[in-house]
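Asker: Sharing a structure, written as structure tokens. Questions coming.
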Amino acid sequence: MDGSLASSDPGPSFAKPPGSSGDSGPCASRSSGPGPEVEVRALVSMAGGLYPLARAEALRGLAAVVEKVGTSGGAVECCYGCAVELLRDEDQSIRLAAVRLIGLCAEKFAGREEVSGIGNGDQMDLIFLQLSSTARDMCMQVRIEAFNGLAKMQRVSEGVLLQSLSKKVIRTDTGSGSICKANKLPPKLIFPCAAGIFAHGIEDEFYQVRIAACKTLGALAKFSGQYAQKALDLLMDMMNDDTEAVRLQTLQTLFNMATYGYLSVQEKHMHMFLATLIDANAIVRNAARKILGLVNLPKLQMFRSALDGLITSLEKNPEEQDIYSILFSIGKNHGSFSANVAKHLAKEISTAPNGELILDKHRIQALLIVSISAPVSADKHKKLDIPSVIFSHAIPLLGRISSALGEDIIKDLSYLCHPSGMPFAEKGLMSGEGGRSEFWSVETMRGTHALIEKTRKETNCSDEVLIMGSMRLMLETVEETWAMRESCGIEEIRTILRTCKEEVKLIQLENSYAIGPTSLDILLEKLDTYVRRMKCCYTGLNRELEVQVLELVLLANLFRLSKFGVCSKLMLDKLHWIINQLDGLCADGSCEFSDFSNTVKQTFDANVIDGTLVVDICNFLKIFRLKPAKDFGMLNAASAVLQVLGNNSENPLPYICGLPVGVSFDISLSNISGHDRIWIRMNSGQSIQHAFLELSCFEGNDEVKSCSTVIPFYATPLACSFVLRVCLVIECPSGSICTHYEEHGGPRDSVVQLCDELNVYLVSTDTECKN
Amino acid sequence: MAIECLVLGAGQEVGKSCVVVTIGGKRIMFDCGMHMGYHDCNRYPDFARILAAAPETTDFTSAISCVIITHFHLDHIGALPYFTEVCGYHGPIYMTYPTKALAPLMLEDYRKVMVDQRGEEEQYSYEDILRCMKKVIPVDLKQTIQVNRDLVIRAYYAGHVLGAAMVYAKVGDAAMVYTGDYNMTPDRHLGAAQIERLKLDLLITESTYAKTIRDSKHAREREFLKAVHKCVSEGGKVLIPTFALGRAQELCILLDDYWERMNLKIPIYFSAGLTIQANMYYKMLIGWTSQKIKDSYTVQNPFDFKHVCHFERSFINDPGPCVLFATPGMISGGFSLEVFKRWATSDKNLVTLPGYCVAGTIGHKLMSGKPTRIDIDKDTHVDVRCQIHQLSFSPHTDSKGIMDLTEFLSPNHVILVHGEKPQMAFLKDRIESELGMSCYYPANNETVSIPTTQNMKISATEKFITNCAALQARDSLQKSDLISSIHLSGVNEDERLAEGILLMEKSKAPKILCEDEFLKLLGTDRHSVQFEPLLPSRIEEAEAAIVDDLTSE
């Protein structure tokens, strides 16, 4: 039979099944000199020896020779023949060495085929079957080595490959069948020894074997599409493996298959992918995402379920920002699907009650990213209409996907901003080129301008009034201080008087335009803040305390009134509102009006003429007596914790100069009731931005609410990096009386800070900017 | 010499495994099981036949060299107390450590069921079991035991259940392996069977799944977990009726692992009794479990289930989802029946059944079709609305595994036991055609005789050895010529032949000698006969053949 093999093939040399005596084959070893031949001869004769250790060592020696010699030469054939003979040895170390040697020989044969361009498919199939027959060995190392050897195989026929996946013997006329017919195999190999080696391999007791089997499954995928598809089923099962190392190897294999394009995911595989997306292990999740970023999903349904999986993953692990990049690349890979998503999203946005709040949800962010990826997808030639509303919403998120965009970021940005109709981006870029450092969004600029204009006007109007008022106030303060001498120490009074004196000087020296905050102002402001805090930041006040706090508020306002001397309509309204509230509290008689509030009330009821109050405020102050409260009950202080996960000066958030940046905050509020109005105040340099927090988005009870939300900061400066100072403030209700500028988009009422200011570090992704 | 193999049980059936093998005059009994399907004398193997086959003796102790029990299942050990205490066998009994530890549990449990519930006559008492277990000699895996002067036995890991073993026995040159029940694919808590490549005359293998090729266990596990997860996430309760040993631990590891990965907080309960005790044994016998468990137990013993809590009877009516393991496995009574009666009425709940249920049990009724009403006895019935999931985790190897093992061991003969006749016939054909081994599947009480190879020690004379050495030296000289002509093809075909004469004389050791020596021994001269070769041939044919040869070259 050897002769027929030799004669039928013009290849230079062939494997000789053991025991055959054919020597007709031309052994092309002329090039390699006598060295290896002597070695091979000696080692082969040793390999036939009596002692197992010597046999094993001889095989290892042969392996060393094979590695050394070139692909041509008869030495490889000799070694191969010797290894095949010892493949079924009783000693496992010999089997191990034999399998390893066959693997090496197979590599050499494959290399030779590549050089000569003449394939010998049957020989490769034969070696594949021989290695397969050892993949069910009882010894773990032999199994591992067998799988490692199989991974190196080249040009294996499809029939043999398919048989290796299925435990059931496939009876076909192709592939292994042809080998059986050709009758070239020793009888043991006619038995379909490749059957189901992978099915067994992935269930092996030893995870090392499972890992090897998994690698091999992936490595062989390049030879046959049908095989790759069936191998995927097995790999999917392996994702449920109880050893983490195997799960990771599986994902690695899938990733490799996806990279080379042999991975075609079907619907039945989706749930397994989705399960790994929410795996408890971050590395597994990361690997699963990477694969998803590469695969091609044939159906919209699958695409959507992949998105849902990623969104769930994002919700569970909001710190894993690379999900956004993956979302972008998935979207890019499936242009028309993304366009579909974009369409639905646009509808959702337009029907949403408040367009701004929508950004808080991870789902919306994720869908936005997917939507904007559509135009850069490969399906570009198709007309993909992405509604412009999408772009305007997506811009704050750009920083996160900048890594996915890579160098093309500017180009991508230009496409993003054109359809969005947002003016600032282009300007921003232009000014960036010009190198000017002043860089604000037009919107913000416009706002700031308006603000300045308005302030100026108002200042002008109130100038005179203020100066007059201040002067008067000084005098009054002096008077007041006189009145206070009864209760306060002389030292304090002296201080107040001195302050007054300095202030008068100040007013004289500078003109009214430059009125700085006086110490009295500061004191008043401080008092105001404290009283406000008492009023707003504590829940569970009993009726008595509430009345007292309100009285304090009243007192503070009266102080302020006494400071300015004039009674604006606003002030009066405010006072009225407080008195009404007091009234309301005491209406049922559970509390008594104090003398002080009674007097104030009566005075107000009687003396308001045309919105001005003509009364000596000092009188009120005189009769105010603070009753020390005895019973405080259960006081709950409202407080808040504001965090930005994973952000510090070492790990800044990425942003693109001039474009809004979304910052995701973790907020937890304690003792905030549902009708409180909470704002988040962000300021950087001179720009202050307020964002309202919708408490309904928070999870939790009245005691502790928490939420993680993304808030865009619009006015990013054109700088390499900047620090955003953020804090949470609570609005103090004062009826419908407006004390602040509503146009600014901030809180209407005065506010109290709920937490310390938090620094958020941001760094530009724009390299140009850095230069 | 031959191996006589008398099949007393599990011949063309499953149950009462018992094979008595005689090798070189040594008689070994492999397994001593009882048949669960019979309640008469057919329950036990017909031990009398052993004595019939051994005419030289009248008692079991002298007839049998040793009894070897492969694992603790009743169909492999159930008749042992009867055989030792009632039939009066007092020889050595071998079993692995876990089998010795767990066997009394199984035997006593069954004895109680038999006597207390069915009211049958007691075949052996609890004291009998204890006395019987005292005679047992525990063995470890791969420990070679010299039973007597000739007989050597060795146990190998078989998977299947904790402590299951395959047994290698050797008398002189004749060697055999009895597999017992084994599993070639590992499961969560047990490894796959593991054995060395041995030179065997006979392999006696189980063949429960002689024809079935099972697909990967992953799919079944996935289905099971999906069903359970779906049920509990919708607020239902899951009842898993199991036997205390093996399957309960397997499923529990699976669920515990899944709970950990999915971060589920729903309680998993183990009903009291045997299972708790069994878990304790599993924890102690870590060395006999799978590699994964062996690797991880130093950090955390996998049988210390994180999510498993103890079940109180009062929990039955508690609201909210849970998973409960309860014995017995086929809902034939006891606690699992009690729970089933309560839980089966809600369509939110789930009952998972084992792959095989004995006819007549509730498990069997549930498996056959989807009944809506099950009568438990004359007065009580249960409206079955719950979901039913069937789960076939079998610890037996499939057809592929049997073939793999047989191919790996490459014995000269194979005997199939512990299977059903038609399937065994199918497997026999496969083994004979694909592996080229002779194969038998005797019925109960049949005997198969198998010839064995026999090696002979032969001494050689000094001259013969010198002659051989000289011949070899000449060979290698020729070879060196080949090397100089750079020809490697002959390397693999080193067949060193030496000629000699084998001399076997009465009462003398056989020896091999040279021609010359032989002549000297006989005291005669050499005669030589010469032949003249005369070959009838037709020239035309020969020519044609030569031409053919040339063209093919």
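Asker: Quick one: which residue in B:ILE276, B:ILE268, B:ILE331 is touching a strand residue (DSSP E or B) at 6+ places or on another chain (Cβ under 7 Å), surrounded by 14 or more Cβ atoms within 10 Å (Cβ to Cβ), away from every other protein chain (no Cβ under 14 Å) and modelled with pLDDT under 85?
Answerer: Answer to the check: B:ILE331.
Asker: Just one of B:LYS370, B:LYS400 is surrounded by fewer than 21 Cβ atoms within 10 Å (Cβ to Cβ) and not in a strand (DSSP E or B); which is it?
Answerer: B:LYS370
Asker: Do you know which of the residues in region B:51-79 that are among the β-branched types (Val, Ile, Thr) and farther than 27 Å from B:VAL161 by Cβ is nearest to the chain's Cα centre (by Cα)?
Answerer: Of everything passing the filter in region B:51-79, B:THR61 is nearest to the chain's Cα centre (by Cα).
Asker: Here's a follow-up. Here are the criteria: (1) touching a residue at least 12 places away in the same chain (Cβ under 8 Å); (2) assigned to a loop (DSSP other than H, G, I, E, B); (3) surrounded by fewer than 21 Cβ atoms within 10 Å (Cβ to Cβ). Tell me which single one B:PHE408 does not satisfy.
Answerer: Result: B:PHE408 passes all but (2).
Asker: Same structure again: Being of a type in the set (A, V, I, L, M) and either under 15 Å from the mean Cα position of the chain (by Cα) or at pLDDT below 90 (or both) is the filter here; which residues of region B:406-434 pass it?
Answerer: Matches in region B:406-434: B:LEU409, B:VAL414, B:ILE415, B:LEU416, B:VAL417.
Asker: Select, from B:THR61, B:THR22, B:THR70, the only residue that is in contact with a His (Cβ under 8 Å, 6 or more places away or on another chain) and closer than 25 Å to B:THR452 by Cβ.
Answerer: B:THR70
Asker: Also, I was wondering about something else. Hey, could you check region B:279-300 for residues that are hydrophobic (A, V, I, L, M, F, W, C) and within 14 Å of chain A (Cβ to nearest Cβ) and say which is farthest from B:VAL161 (Cα to Cα)?
Answerer: B:VAL299
Asker: Of A:GLN226, A:GLN208, which residue is surrounded by fewer than 19 Cβ atoms within 10 Å (Cβ to Cβ), in contact (Cβ under 8 Å) with a residue 60 or more places away in the chain and within 14 Å of another protein chain (Cβ to nearest Cβ)?
Answerer: It is A:GLN208.
Asker: Quick one: which residue in A:GLU158, A:GLU145, A:GLU113 is away from chain B (no Cβ under 14 Å), surrounded by fewer than 17 Cβ atoms within 10 Å (Cβ to Cβ) and touching a residue at least 40 places away in the same chain (Cβ under 8 Å)?
Answerer: Checking each option against the conditions leaves just A:GLU158.
Asker: From (1) in a strand (DSSP E or B); (2) within 14 Å of B:VAL20 (Cα to Cα), pick out the condition that doesn't hold for B:GLY180.
Answerer: (1)
Asker: Can you name every residue in region A:39-71 that is small (Gly, Ala, Ser) and within 13 Å of chain B (Cβ to nearest Cβ)?
Answerer: A:ALA42, A:SER45, A:ALA47, A:GLY48, A:GLY49, A:ALA58
Asker: Go through region B:361-389 and report how many residues are in contact with a strand residue (DSSP E or B) (Cβ under 8 Å, 6 or more places away or on another chain) and touching a residue at least 12 places away in the same chain (Cβ under 8 Å).
Answerer: Going through region B:361-389 one residue at a time, the tally reaches 15.
Asker: Among what's in region A:229-257 and is charged (D, E, K, R) and farther than 21 Å from B:LYS226 by Cβ, pick the residue that is nearest to the other protein chains (Cβ to nearest Cβ).
Answerer: A:GLU244
Asker: Could you list, in sequence order, the residues of region A:644-690 that are surrounded by 17 or more Cβ atoms within 10 Å (Cβ to Cβ), touching an Asp or Glu at 6+ places or on another chain (Cβ under 8 Å) and under 26 Å from A:PRO733 (Cα atoms)?
Answerer: A:SER670, A:ASN671, A:ILE672, A:ASP676, A:ARG677, A:ILE678, A:TRP679
Asker: On the given criteria, is B:TYR82 aromatic (Phe, Trp, Tyr), closer than 23 Å to B:ALA158 by Cα and either in contact (Cβ under 8 Å) with a residue 60 or more places away in the chain or not in a loop (DSSP other than H, G, I, E, B) (or both)?
Answerer: So B:TYR82 does not fit the description; no.
Asker: Checking B:CYS252 against (1) out of contact with any Gly (no Cβ under 8 Å at 6 or more places or on another chain); (2) away from chain A (no Cβ under 14 Å); (3) within 23 Å of B:PHE340 (Cβ to Cβ): exactly one of these is not met. Which one?
Answerer: (2)
Asker: How many residues, within region A:258-272, are away from every other protein chain (no Cβ under 14 Å) and either in contact (Cβ under 8 Å) with a residue 12 or more places away in the chain or within 18 Å of A:SER305 (Cα to Cα) (or both)?
Answerer: Going through region A:258-272 one residue at a time, the tally reaches 9.
Each row is one residue, and each column tells you yes or no for (1) within 11 Å of another protein chain (Cβ to nearest Cβ); (2) closer than 18 Å to B:GLN291 by Cβ; (3) under 17 Å from the mean Cα position of the chain (by Cα).
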site: B:TYR156; (1), (2), (3): yes, yes, yes
site: B:THR185; (1), (2), (3): yes, yes, yes
site: B:LEU190; (1), (2), (3): yes, yes, yes
site: B:ALA193; (1), (2), (3): yes, yes, yes
site: B:GLU196; (1), (2), (3): yes, yes, yes
site: B:ALA210; (1), (2), (3): no, no, yes
site: B:ASP215; (1), (2), (3): yes, no, no
site: B:GLU223; (1), (2), (3): no, no, no
site: B:GLY236; (1), (2), (3): no, no, no
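Asker: Any residue in region A:230-246 that is closer than 18 Å to A:GLN208 by Cβ and touching a residue at least 40 places away in the same chain (Cβ under 8 Å) sitting within a Cβ distance under 8 Å of a residue that is surrounded by fewer than 21 Cβ atoms within 10 Å (Cβ to Cβ) and of a type in the set (Gly, Ala, Ser)? List the pairs, counting only those 6 or more apart or interchain.
Answerer: A:LEU234/B:SER216
Asker: Considering each of B:VAL152, B:VAL67 in turn, give the residue that is over 22 Å from B:GLN249 (Cα atoms), assigned by the TED database to the domain that holds B:VAL14, buried (at least 24 other Cβ atoms within 10 Å of the Cβ) and touching a strand residue (DSSP E or B) at 6+ places or on another chain (Cβ under 8 Å).
Answerer: One residue alone meets the criteria, B:VAL67.
Asker: Of the numbered conditions (1) more than 20 Å from A:MET236 (Cβ to Cβ); (2) part of a helix (DSSP H, G or I); (3) not charged (D, E, K, R), A:PRO318 satisfies every one except a single condition; which is it?
Answerer: A:PRO318 satisfies every listed condition except (2).
Asker: Inspect all residues belonging to region B:359-366 and state whether any of them is part of a loop (DSSP other than H, G, I, E, B), hydroxyl-bearing (Ser, Thr, Tyr), crowded, with 16+ Cβ neighbours inside 10 Å and on the phi < 0 side of the Ramachandran plot.
Answerer: Yes, region B:359-366 contains a residue that is part of a loop (DSSP other than H, G, I, E, B), hydroxyl-bearing (Ser, Thr, Tyr), crowded, with 16+ Cβ neighbours inside 10 Å and on the phi < 0 side of the Ramachandran plot.
The values are calculated or read from the model by the stated rules, or taken from the named source; none is laboratory data. Just so it is clear, the structure is predicted and the values come from calculations on it, not from any experiment. Note: ideal-geometry Cβ built from the backbone for every residue, glycine included; neighbour counts use all protein chains shown.
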